[in-house]
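The values are calculated or read from the model by the stated rules, or taken from the named source; none is laboratory data. All values reported here derive from a predicted model rather than from experimental measurement. A quick note on method: Cβ atoms are made from the backbone with ideal geometry, for glycine too, and the neighbour counts reach across all protein chains shown. Ligands, DNA and RNA are stripped out before the accessible areas are found, and what is left, the full protein with its side chains, is counted by its heavy atoms. Shrake-Rupley method; radii C 1.70, N 1.55, O 1.52, S 1.80 Å.
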Amino acid sequence: MKQKINIWEGVYNCWEEAPGDDDVFEGKVWVDKVTSRAQKALTAHRSNETVSLAALNKDYILSVAGAMLLSSIDGNLCVLDFGGGMGASYLSLISSVPDFEKVEFHIVEGKIICERGREILGDFPHLHFHEQFPKLANPVHIIHAGSSIQYVSDWKELLVELVKYQPRLLVLDDLLAGDIPSFITTQAYHGEKIRSWFLNINELIQTVQALDYRLIYKSRYIGEILGEVGPLPMENFPPQYKLNYCSHLMFERMAS
């Protein structure tokens, strides 16, 4: 009988109480996983299909948002992707639009992932990797954060920093957010632990709305965990903390 593995354990009231390994995001397992995802997306992007295999969006909504916005603006589309890995979302986006050279894409990530991203995707001149929030010459049209906000201790302050770029759209993909109380837990990751937020979705929406953004899209997201697609494996949690599905949210900056 296969042993059941708990992905998340514990409910904590503050970040420091939750046990966690601070070097996970620079470790071999994490970096290799991000590398594998980027390489698969790159192979799909370079396929000879009329409609690239990389345009198959089974998860994030960034490609649709980017394509729609690109058609409505003059000049290039500028995207900043917080925690964007090695550009899988970039490859999906440029595979979905007629003129990919009009997409300027900036990824904010850890040092090792940035270095490997530059190595693997160095022949894409409009893709840039940054270890800190960059100062950009051009206006940012879209801020994207996919499966990343939950790994930041002060997620509210992070949102404040992101909207300082005054993007037209704020796209938050694969959020651990729903009709549950906000709490902190630890995620089991190949023998290591990662601190993670589960968020009350209304608290999150209200936080973003207070930054002068209005909600224009929301959906559930069914992802794959441990090779299985379906509800999140949270049988070990009390009912009030169980979340069945992650969420996608898109916000638009309100006119001043």
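Could you check how many residues of the stretch 69-98 are outside any helix (DSSP H, G or I), within 20 Å of GLU252 (Cβ to Cβ) and open to solvent by less than 10 Å² (accessible area, probe 1.4 Å)?
Of the residues in the stretch 69-98, 5 are outside any helix (DSSP H, G or I), within 20 Å of GLU252 (Cβ to Cβ) and open to solvent by less than 10 Å² (accessible area, probe 1.4 Å).
Determine which member of the set PHE198, PHE237 is part of a loop (DSSP other than H, G, I, E, B), over 14 Å from LEU169 (Cβ atoms) and of a type in the set (A, V, I, L, M, F, W, C).
Working: PHE198 fails: part of a loop (DSSP other than H, G, I, E, B).
That would be PHE237, the only listed residue that is part of a loop (DSSP other than H, G, I, E, B), over 14 Å from LEU169 (Cβ atoms) and of a type in the set (A, V, I, L, M, F, W, C).
If I ask for residues that are surrounded by 17 or more Cβ atoms within 10 Å (Cβ to Cβ) and closer than 24 Å to ALA88 by Cα, which ones from the stretch 172-188 would you list?
LEU172, ASP173, ASP174, LEU175, LEU176, ALA177, GLN187
Among what's in the stretch 130-159 and is of a type in the set (Gly, Ala, Ser) and closer than 20 Å to HIS248 by Cβ, pick the residue that is surrounded by the fewest Cβ atoms within 10 Å (Cβ to Cβ).
From the stretch 130-159, those of a type in the set (Gly, Ala, Ser) are 137, 145-148, 153; that's our starting set.
With closer than 20 Å to HIS248 by Cβ added as a condition, the list becomes 145-148.
On the way: ALA145: 26, GLY146: 23, SER147: 18, SER148: 21.
The extreme case among them is SER147.
Output yes when any residue across the stretch 37-50 is open to solvent by 80 Å² or more (accessible area, probe 1.4 Å), at pLDDT below 90 and hydrophobic (A, V, I, L, M, F, W, C), and no when none is.
Going residue by residue through the stretch 37-50, those that are open to solvent by 80 Å² or more (accessible area, probe 1.4 Å) are 37, 39-40, 43, 46, 48-50.
Retained after the next criterion (residues that are at pLDDT below 90): 37, 40, 43, 46, 48-50.
Okay, now just the ones that are also hydrophobic (A, V, I, L, M, F, W, C), so none.
Within the stretch 37-50 (the criterion being open to solvent by 80 Å² or more (accessible area, probe 1.4 Å), at pLDDT below 90 and hydrophobic (A, V, I, L, M, F, W, C)), the answer is no, since none of the residues qualifies.
Scanning the stretch 1-31 for residues that are open to solvent by 60 Å² or more (accessible area, probe 1.4 Å) and in a helix (DSSP H, G or I), which turns out nearest to GLU224 (Cα to Cα)?
This residue is VAL29.
Do we have any residue at all in the stretch 181-197 that's of a type outside the set (Val, Ile, Thr) and more than 24 Å from ASP21 (Cα to Cα)? Give the steps one after another, and end with the answer.
Let us first name the residues in the stretch 181-197 that are of a type outside the set (Val, Ile, Thr), namely 181-183, 187-193, 195-197.
Filter again for more than 24 Å from ASP21 (Cα to Cα), leaving 181.
Yes: one or more hits.
So which of LEU199, LEU162, LEU169 is of a type in the set (A, V, I, L, M) and open to solvent by 10 Å² or more (accessible area, probe 1.4 Å)? Give the steps one after another, and end with the answer.
Working: LEU199 fails: open to solvent by 10 Å² or more (accessible area, probe 1.4 Å); LEU162 fails: open to solvent by 10 Å² or more (accessible area, probe 1.4 Å).
Among LEU199, LEU162, LEU169, only LEU169 is of a type in the set (A, V, I, L, M) and open to solvent by 10 Å² or more (accessible area, probe 1.4 Å).
Tell me which residues, restricted to the stretch 51-68, are part of a helix (DSSP H, G or I) and either modelled with pLDDT of 85 or more or open to solvent by 90 Å² or more (accessible area, probe 1.4 Å) (or both). Talk me through it step by step, then tell me what you get.
Within the stretch 51-68, the subset part of a helix (DSSP H, G or I) is 53-55, 62-68.
Selection gives LEU53, LEU62, SER63, VAL64, ALA65, GLY66, ALA67, MET68.
Any residue at all in the stretch 219-235 that is under 21 Å from GLY66 (Cβ atoms) and open to solvent by less than 20 Å² (accessible area, probe 1.4 Å)?
yes
When only residues in the stretch 201-219 that are among the charged types (D, E, K, R) and assigned to a strand (DSSP E or B) count, which is farthest from TYR151 (Cα to Cα)? Full working, then the answer.
Within the stretch 201-219, the subset among the charged types (D, E, K, R) is 203, 212, 214, 218.
Cutting the leftovers down to assigned to a strand (DSSP E or B) gives us 214, 218.
On the way: ARG214: 24, LYS218: 21 Å.
If we take residues in the stretch 201-219 being among the charged types (D, E, K, R) and assigned to a strand (DSSP E or B), then ARG214 is farthest from TYR151 (Cα to Cα).
Check the stretch 108-125 and report whether any residue there is at pLDDT 95 or above, assigned to a helix (DSSP H, G or I) and acidic (Asp, Glu).
Yes, the stretch 108-125 has at least one match.
Which one of these does LEU121 not meet: (1) among the aliphatic types (A, V, I, L, M); (2) in contact (Cβ under 8 Å) with a residue 12 or more places away in the chain; (3) under 18 Å from ARG253 (Cβ atoms)?
Among (1) among the aliphatic types (A, V, I, L, M); (2) in contact (Cβ under 8 Å) with a residue 12 or more places away in the chain; (3) under 18 Å from ARG253 (Cβ atoms), the lone unmet condition for LEU121 is (3).
May I ask you to verify whether GLU115 is in contact with a Phe, Trp or Tyr (Cβ under 9 Å, 6 or more places away or on another chain) and either crowded, with 18+ Cβ neighbours inside 10 Å or among the β-branched types (Val, Ile, Thr) (or both)? Let's see the steps before the verdict.
On the way: in contact with a Phe, Trp or Tyr (Cβ under 9 Å, 6 or more places away or on another chain): yes; either crowded, with 18+ Cβ neighbours inside 10 Å or among the β-branched types (Val, Ile, Thr) (or both): no.
Criteria not met by GLU115.
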